[in-house]
Amino acid sequence: MSSKRFARPVFEAPIPDGMYLGRNKKVNPAVFLQWGQELAETLRLNDFTGYAAFQINDQKTIFMRNLRLDLTPALYEVQWAEPYDISYRAYNSHTGRTSFDLTIEFLVKGVRVATLIRKMVYVSLETGKPIELPPEFASGNPDKHLINFRLEGSLPWRYSSVEMAVRPSDIDYHQHVGHPVYVNYALDASAAAGYRYLPGPPDLLGGQHEIARIDLEYKLPALYGKPLHVYTWDTVPSPPSSADQSPDIKHEVHFAMYQSSYIFLKHVVCLARVSLYR
């Protein structure tokens, strides 16, 4: 692995050989989130731009607040062949008072095919509230803000719903559902609800549609042993009002994921939005 210095510290390396896309050469978007998780841990262990300043213990931790995965049209034009020529470029793209964004660009033969932005918040486990980032980390990183969105959680009058089980393999070492797993929950829920425009077996979903963006907003951890209730509805996006919105997005699918906390009460654990090129 090597580190290059541009206008901001950038970490560049090939994707490890053990990370693959699948025997059918199809790309499940969740694989980029899983790569992002592994790569972020690699950067932390290598003290990338001061990551070692964070105290991760029984009093403080880093909580994932948002994920945004942008998939470029180039991804759908890649002719996959082994060995995969996949690399990544990572850099801190925003540093605030209590949160920061890590951006990871994925490239195939030098062409960017996906960009993952991870918004993380430094949190006190005693109070559950955000705390200020370590000064030695904040002072050396940029303040540009790349993602700042809130997803809609209010259910419309028309939606589909499905109950799903949280599997033991979904649980990470924090004893709750790992954040990349929620993408699979959304894709599985769309199939169960009869939607026909998300990737999947042709005989099940009736065709291949191209995902442009996946947004995730994490609320509370989902736990093993309790069913997950996923509500799904779709919308046609409004005309772009900012540079953050792509005019190429033709359709949006929304997901609200709930889990029971008491006998008759449910709380939202994650909100998601999948935007489609077509």
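Tabulated data for the structure shown
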quantity	calculated
Residue identified as over 18 Å from Ile211 (Cα atoms), modelled with pLDDT of 80 or more and not in a strand (DSSP E or B) among Leu102, Leu43	Leu43
In segment 94-143, the residues that are among the polar types (S, T, N, Q) and surrounded by 12 or more Cβ atoms within 10 Å (Cβ to Cβ)	Thr95, Thr98, Ser99, Thr103, Thr115, Ser124, Asn141
Residue count, segment 56-73 (criterion: surrounded by fewer than 20 Cβ atoms within 10 Å (Cβ to Cβ), touching a residue at least 40 places away in the same chain (Cβ under 8 Å) and outside any helix (DSSP H, G or I))	9
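The values are calculated or read from the model by the stated rules, or taken from the named source; none is laboratory data. Since the model is a prediction, treat every value here as computed from it, not as a measurement. Methodologically, a virtual Cβ is constructed for each residue, glycine included, from the backbone with ideal geometry; neighbour enumeration extends over all protein chains shown.
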